[in-house]
Structures are given as structure tokens and as C-alpha cells.
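Written out below as C-alpha cells is the structure these notes cover.
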Amino acid sequence: MKKEVFLEFDHVSKQYKDFLAVNDLSFKVYEGDIFGFLGPNGAGKSTSIRMTLSLIKPTLGNITLLGKNIVNEREETLAQVGALIEKPDFYPYLTAQKNLEILGKISGVSNLSSKIVEVLDLVGLTSRRESKVKTYSQGMKQRLGIAQTLLHDPKLIILDEPANGLDPQGQVDMRELIVRINKERGITVIISSHILNEVEQICNRMVIINKGQSMVEGNVSELLTGSRMKVSYVTDDNERTLGLLANSNFKENVGSIEKEKLTLLIEHENIPELNNFLSNEGVKVYSIEPIRSLEEYFISMTK
């Protein structure tokens, strides 16, 4: 079954006087995606998100959101979108309940009382609903921010650095919450993040942009297993294996021995040939593991 395109950038550019922030950018986000939007500082991520939310207009190109042109059908389209940009901003001396009541009334949310109960339960803040936001940790504020984006039952939410400032446990909790929202509620999620491990663990698709242009777009797992990658081998004698490889056609692939694992840099399609070579040399291979990370891939795309 073909999935609906929820967001499409079609040759979009944004010019600020002498500065080209976004340059002919094209990518697609499909229904059901947890989509990673990656790029180094100054790559054009924030500008792109602001154009998606119609906070600024593109200089060239078209942005289609939920099948509608974001410039021409702004109000109707944004009514189906939730967004948490940078850090959540609430009235610190009001409770979470009161903050959501105010935001819900501004947004015209129907059945507001029951909806507040629902979203606070979803983000795990029911027991602190009557606490003033000033007493919340950063992680709790982030979760309250996500609760706010869900008040009006959006089809798509956009999260800008949702794990920013969180400790390791807070990052885990945030990842689990995002996956739950996506799987249980069927909400498409776009995550702009510099925490690459976060994207690698939960996103199914991604785009990497640099200097306002798309460097690569596609399925996360396929991108990380394609082409030249780092692979770890555990054999019956890593030192001997290293010596054999150093005197073979695979000498350019040799890395080092790290924590009892032999690391190699090799093209994906050449791994069977390497395995055959080791077998013929009487080497027992106990495990083979790709260890290419999104961080390595990101650096290779944006260096």
C-alpha cells in the first residue's frame, strides 16, 4: 500500500539579502514516518522548519504539507500539525493543568478537560498536573511541551531538538515517548536533532542537509549498511588474522584490534569474498558485526 506524502519540499530556496540559507532543497516525509532532519549548525534546519510552519515564506519552490500548499492554505493545514520548536515555553507560576487549559482555549480544542487528562497521561505527568511548571525538571518541561502539541489531535508533529538538555535517562524516556506516539497514535513525527544516536535508534527515514542542500535522503538502516563501512570480526586468533590480511589483497582494509575485536573498513559487497579468504586460511570466524554509526556517516556526508 502506497503511503501518503505528508510533507514535501520541492526545490525550495530561502534567500536573506546576501545569504542563501536554503538552496534548492527537496525531500519527502511519508505517513507513519519517524523522520530525522539532520545537519550541522548553520545547515538550514531551523529555516526549513520555520518555512514548514509558515512562519517565513520560501523565496523559491513549493512546500506541500498534508497535500496542501502551506502558503495558500495556511490555517487549514496548520490545524493538523503540532510543533515544539527549540525549548517549550510555559507560564512558570501556573500549573501544567492551567497552562494546557490556556493553550487549548487559544487553539479552540473541543472536549478540553478530557483531552488534557488524556495527553498528560500519555506523557506521564498525571501525578504532577497540579504542580507549578517552575518546579518541573527540563525533561518534564519537554514532555509537557509534547503534551501541548497533541491537544488538537494532529496528524503530524515536528520536534526541534526534543532531547536537548536532557540527561541520559531523560533521553531514553523521550525516545520511548516519541515511538509510543508514533505507533499507538499513528502520528507522523519529524525530529530535528543533533543527537545522532537518538535519530539512529528511532527514525526509519532521514535527510541530511548541509549548506542548505540535501546531501542524502533515505531509509536509515539502508544508508548505514551501504557502501564502505566499519566491520568488527572476532576470530580464533585475531593477531594471526591481522597478519594474514596485511599480506593479502585486503591489506588496505586492515584497521586495528580493539577490545578483542578486529576492525576493518570494507565495501559491503566485498564481505563474502573476505569471509571466503579467511575460511581458506583456516581462520575460525565467531562473529561479524557492522559498527558503522550514524555519526560516522554524518561526518562523511558533511565534512
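Within region 251-303, if we keep just the residues that are closer than 22 Å to S221 by Cβ and among the acidic types (D, E), the residue that is modelled with the highest pLDDT turns out to be E289.
What residue, among those in region 75-119 that are assigned to a helix (DSSP H, G or I) and of a type in the set (S, T, Y), is farthest from V133 (Cα to Cα)? If you could, list the steps in order and put the result at the bottom.
Step one: list which residues in region 75-119 are assigned to a helix (DSSP H, G or I), which gives 75-78, 96-107, 112-119.
Filter once more, keeping what is of a type in the set (S, T, Y): 77, 107, 113-114.
Working: T77: 30, S107: 20, S113: 19, S114: 20 Å.
Only one residue tops the list, namely T77.
Out of L103, L38, L66, L25, which single residue is under 19 Å from T149 (Cβ atoms) and within 26 Å of the chain's Cα centre (by Cα)?
L66
Taken residue by residue, region 43-52 has at least one member that is in a loop (DSSP other than H, G, I, E, B), closer than 14 Å to N210 by Cα and modelled with pLDDT under 95. Going by what's in this entry, would K28 be described as part of a strand (DSSP E or B) and either outside the structural domain of K132 (by TED's automatic domain parsing) or in contact with an Asp or Glu (Cβ under 6 Å, 6 or more places away or on another chain) (or both)? Criteria met by K28. Here the condition is being closer than 17 Å to R143 by Cβ and modelled with pLDDT of 90 or more; of L100, L66, it holds for L100 alone. Residue selection: N62 fails the criterion of being surrounded by fewer than 16 Cβ atoms within 10 Å (Cβ to Cβ) and assigned to a loop (DSSP other than H, G, I, E, B). Looking only at residues in region 199-230 that are surrounded by 18 or more Cβ atoms within 10 Å (Cβ to Cβ), modelled with pLDDT under 85 and touching a Gly at 6+ places or on another chain (Cβ under 9 Å), the one that is farthest from V12 (Cα to Cα) is E200. Only one of the numbered conditions (1) loosely packed, with under 14 Cβ neighbours inside 10 Å; (2) touching an Asp or Glu at 6+ places or on another chain (Cβ under 7 Å) is not met by L112, and that is (1).
Listed by first and then second residue, the pairs linking a residue in region 40-56 that is in the same structural domain as I209 (by TED's automatic domain parsing) and under 18 Å from K28 (Cα atoms) to a residue that is basic (K, R) and buried (at least 21 other Cβ atoms within 10 Å of the Cβ), with Cβ atoms under 6 Å apart and 6 or more places separating them unless they lie on different chains, are T47/K14. Among the residues of region 9-16, is any under 18 Å from the mean Cα position of the chain (by Cα) and either of a type outside the set (K, R) or part of a helix (DSSP H, G or I) (or both)? Looking through region 9-16, at least one residue is under 18 Å from the mean Cα position of the chain (by Cα) and either of a type outside the set (K, R) or part of a helix (DSSP H, G or I) (or both).
Going by the structure shown, is V29 surrounded by 16 or more Cβ atoms within 10 Å (Cβ to Cβ), closer than 22 Å to H194 by Cα and touching a strand residue (DSSP E or B) at 6+ places or on another chain (Cβ under 6 Å)? The answer is yes for V29. Filtering region 130-150 to residues that are among the basic types (K, R) and buried (at least 17 other Cβ atoms within 10 Å of the Cβ) leaves K141, R143.
The values are calculated or read from the model by the stated rules, or taken from the named source; none is laboratory data. The model shown is predicted, which means the values in this text are computed figures rather than measured ones. Here Cβ is always computed from backbone atoms with ideal geometry, including for glycine, and neighbour counts include all displayed protein chains.
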